[in-house]
Amino acid sequence: MQIVLASTSPRRRQLLTEAGYAFHAVSPKIDESAIPRTAATIRGYAEELAVAKARSVAPDFPDALVIGADTLCDLDGEVIGKAADKETAERITRRLFSKPHLVITGLALIQFGRGIEIVRSEVTTVYPRRLTESQITEHVASGAWQGKAGAYAIQEVGDAFVERIEGSFTNVMGMPMELLGQLLNDLE
């Protein structure tokens, strides 16, 4: 079965490649900021965004299985997305690394030719370490926050920023590989 990843995320591509999946990555044809949030929960909103990404690509590949994903952070019921600039990255970093937060990835699998549309999500709790002023300053100056939900990438900040997690590590990276594997196995 041909797999198309509706994402240009280097982390998602890396995870799929490392897991041995053959796939083609295509940029979703959507403006995420223009998608209205109708879901009552952040988890539902992540799923809405994942579906929108997959649906934007699926018509071009009707026989392929199109995978869409979107990752959001939930801090006390507030959506924390990607930082647009250094000031926002600093503000997000200070807030997220002050107490536990949730990382939620919506996952959508669509195959138009077979009438398949599966939507699920994964939630991981991240228990952060308290960061020093120099860690925050260095993180923001590095630019490593760019393009990442919550202004960080767990695989880059590791133990210096995170005490522990409850749930899927790959979910925090942006693609819950355990859930994806289960859904793909169910389709066979």
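Every number here is computed from the coordinates shown, using simple stated rules; none is lab data. Note that the coordinates shown come from a computational prediction; the quantities given were computed from them, not determined experimentally. FYI the Cβ positions are ideal-geometry reconstructions off the backbone, even for glycines, and counts take in every protein chain you see.
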Quiz item: So how much slack lies between ALA160 and ASN185, counting 0.36 nm per residue of separation and subtracting their Cα-Cα distance, in nm?
Solution: 5.4 nm
Quiz item: Roughly how tilted is helix 86-96, in degrees to the nearest 10 and between 0 and 90, from the longest Cα axis of the chain?
Solution: 90 degrees
Quiz item: For region 103-145, rounded, prolate or oblate, judged on the Cα gyration tensor with a ≥ b ≥ c (square roots of eigenvalues), a/c < 1.5 rounded, else prolate if a/b > b/c?
Solution: oblate
Quiz item: Once every DSSP H run of n ≥ 4 in the chain is given -39500 (n - 2.57) and the sum is divided by its residues, what mean residue ellipticity at 222 nm do you get, rounded to the nearest 500 deg cm²/dmol?
Solution: -11000 deg cm²/dmol
Exercise. Report the FRET efficiency, 1/(1 + (r/R0)^6), for ARG130 and THR41, where r is their Cβ-Cβ distance and R0 is 30 Å, rounded to 0.05.
Key: 0.60
Quiz item: Could you state the per residue volume, in Å³, of the convex hull enclosing the Cα atoms of the chain?
Solution: 111 Å³
Quiz item: Based on Cβ point charges of +1 for Lys and Arg and -1 for Asp and Glu, what charge dipole magnitude is obtained for the chain about its Cα centre, in debye rounded to the nearest 20?
Solution: 220 debye
